[in-house]
Each structure stands twice: as C-alpha cells, then as structure tokens.
1. Just a yes or no: is a residue in the stretch 179-191 within 12 Å of the chain's Cα centre (by Cα) and of a type in the set (S, T, N, Q)?
2. Give THR135, THR158 a once-over and let me know the one that is over 17 Å from the mean Cα position of the chain (by Cα), of a type in the set (Ser, Thr, Tyr) and surrounded by 20 or more Cβ atoms within 10 Å (Cβ to Cβ).
3. Exactly one of these conditions fails for TYR183: (1) in contact (Cβ under 8 Å) with a residue 24 or more places away in the chain; (2) exposed (fewer than 13 other Cβ atoms within 10 Å of the Cβ). Give me its number.
4. Which condition number does LEU129 fail, the rest of (1) more than 21 Å from the chain's Cα centre (by Cα); (2) touching a residue at least 12 places away in the same chain (Cβ under 8 Å); (3) exposed (fewer than 13 other Cβ atoms within 10 Å of the Cβ) being met?
5. Since ASP112 meets every condition but one in (1) over 23 Å from the mean Cα position of the chain (by Cα); (2) part of a loop (DSSP other than H, G, I, E, B); (3) at pLDDT 85 or above, which condition does it not meet?
Amino acid sequence: MSPVALRTLCVRVCFSCVALLFGLTSFAADEGPGSQVGAEAVASVAAEGDAAVDQMQLIRVTGAARPNGLRLSLEIGQRAFETLDIQSVRVYSEPSRTLLASVSRYGVEVKDDGGEAASLVVPSFSEALPIVLATGPRAPKDEQILVYMVGTWPDGKTEERVIAGGRVGYSAFDFAAYVDEGYLLGKATTLRQCCYSYECANEVCATCSPFRFSCCTCGEPDCCYAECTLNGNCDCVPCWNGCFMIPHSCY
C-alpha cells in the first residue's frame, strides 16, 4: 500500500472512531438510565417543594424554664389565622388543667378559668411575630400541653377547639402544628405536628389528632421520635443496632 493510501486509511479510521464515540455519548445523554434518574430526582425535589408549600403553620409553641415558671413563646401562622379568623388562644398544662397563658384579640371576651395565668390582648393576629409571655409553673406530674383556639371553622361554627398539643414531657418543649388546604376547607381533621430539640438529630413529625400526639426527645440524637399516642414511654436507650425503650439491654 502506498504511503498516501495508508495515510488516507488512517484518517478514515480515526474519523470513524470519533464519530462512534460521539454517537455513544449522545445516546447515553439522551436515552440512558442516568438521564432518566436525573429527571426523576428533579421531579422528586419539585414535588417535595410543592408539599412543603402546601403545609401552613398554624402555631408553634415553645416553653423554656425560668425561675418559678416558663418563658412561653407562641408563633402565629398568619395565613391560617386569617383564614380561620382566630379570636383567642389559650395554652393549658395537662392533666392538671392549669391555664398557662391566654392571648386574645382586642374586643373579644375570654372565658375566665378562675386561675392566674399570663394574659395579653393584641390588636390582631395578623402579624406572624412570636408572642412571648412569662407564665407560672406547671404541676410536677404534667406531661401534656394543649392549645385551644376560638375561631370560625370550616364547618361554619365559631367556637373553641383544640388545635395543637400533645405529650411533650415536663421540661422544655418546642412543637408546631401544620395544616393544609384540605383542613381549611373542612376535608381533613388531622394535623401534621412536629417537635424540635437541640438534642435531636432532626425534627420529628406525625400526622394525627391533636389529642393523640406524643413527642419524645430523650437526650440522644437517634432516640427522638413522634407518634400518634399518649401512652408511650419516652425513656429510651441508644444501642449499636438501634434505639430501644427502657427496660432494654443492648446485649
């Protein structure tokens, strides 16, 4: 074969290799599993984002110990409050039925429980800023917090109802209740409630009736959980193979 023919053949072979490589790369980008997985991942992230947008905070309640009582913070969910036309909020420590705090809109008459409680009158609940109150102490055996609101509910009734709360223990607590459009339209009765603690690796949430919510933050990052019950025991022990309730041995 002459040098010219050999050179021509080499050029053709190189060109074919480049074309083949380019075609395989394009096929992988357009049709390969990686592209499909990527699209599904994007769709999943978008769906999660939409779900997060649909959840509206109804209220967040935080309690921190102070001398002779609690520092109680109520963070209002503006959109939900405006939709339900909330007139007052009352926070109880249970099962002693101790009224800790009462916050009402100006001009609204609030029921008198006959006890001393931190009280506040606000012009409206249109601001989403936290309302902070200094409350009295809780009874030593109280483990629940219940939050009542007077509002105009989706079924047309204006009355006081429990909208958040659960078994959160006796010490400091931090939990929030979320609702969606279905709740505001009267198509759902459950709430998504989450509790938080610096001792927990992540927030823990459960979707259930306000009366049946338990939040366990027992001091170990992997032993925090939320469930729809008031009968659980929050004493737990972390083990190499999981988190277990006491009494339990890791061996």
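1. No.
2. So the residue among THR135, THR158 that is over 17 Å from the mean Cα position of the chain (by Cα), of a type in the set (Ser, Thr, Tyr) and surrounded by 20 or more Cβ atoms within 10 Å (Cβ to Cβ) is THR135.
3. The single condition TYR183 does not satisfy is (2).
4. In the conditions (1) more than 21 Å from the chain's Cα centre (by Cα); (2) touching a residue at least 12 places away in the same chain (Cβ under 8 Å); (3) exposed (fewer than 13 other Cβ atoms within 10 Å of the Cβ), LEU129 misses (1) alone.
5. (3)
The values are calculated or read from the model by the stated rules, or taken from the named source; none is laboratory data. Quick caveat, the model's predicted, so the values are computed rather than measured. FYI the Cβ positions are ideal-geometry reconstructions off the backbone, even for glycines, and counts take in every protein chain you see.
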